[in-house]
1. Filter the range 129-176 for residues that are among the basic types (K, R) and buried (at least 18 other Cβ atoms within 10 Å of the Cβ) and give the result.
2. If only one of A145, A128, A114 is modelled with pLDDT under 50 and outside any strand (DSSP E or B), which one is it?
3. Can you report the number of residues in the range 151-187 which are touching a His at 6+ places or on another chain (Cβ under 7 Å) and closer than 18 Å to A128 by Cβ?
4. All but one of (1) assigned to a strand (DSSP E or B); (2) touching a helix residue (DSSP H, G or I) at 6+ places or on another chain (Cβ under 8 Å); (3) within 12 Å of E71 (Cα to Cα) hold for E184; state the number of the condition that does not hold.
Amino acid sequence: MNAAGTNLRTRGFTLFEILVVLAILSIVATISVPSVVQAAKKSPMRQAMSDLEEACRNARMLAILQGEPMEIVIRAGEGSFTVSRAFSAPPPTAESGAVEGNAYAPVESQPARATPPEVEPFRARIPASVAFKRLLVNLQDMMDAHEARVRFYPNGTCDAFTAHLLSEQNEERSLTLEITTGREIVEVIR
């Protein structure tokens, strides 16, 4: 009792009220969990575009960091692509018949550049429900070629590249590289 003579009672929740709230929460969770899981799961088209963008970023980054050209090798028929070191014929040397004054003539010995550690190459395969619809490298159609090679250079530039992907759900997306920066431009076509 307090000074006025009334009974003070602390008010709380009854067991019945707590059970009702728990029942309502379980119903809401049962209804919403499948939609949340579906939203979190990437659609095949989103996954394919994400992998292609990642390959471009990876090749550009490695070219800049390692100071040598890198490339994405795309096999449209298989739906696969790999980032690797760009190989080209070595410049001629004095032993192979280089003439004096040739741009490729050997230069006085230069200190060897430290070899960067090997990085695991990026590899990906687009989902079976998605396919390449169009593949252009340096304005040449590469859809019928066994493989297409997109080069990225140490100065941050790259080859001209456009890829259109089409899914079984009739979604179409385009990825284009901005040649002076090597950055990706993604466009939703439908």
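1. Across the range 129-176, the qualifying residues are R151, R173.
2. A114
3. Result for the range 151-187: 1.
4. The single condition E184 does not satisfy is (3).
The values are calculated or read from the model by the stated rules, or taken from the named source; none is laboratory data. Only a predicted model underlies this, so the values are computations on that prediction, with no experimental measurement involved. Glycine gets a Cβ as well: all are built from the backbone with ideal geometry, and neighbour counts include every protein chain shown.
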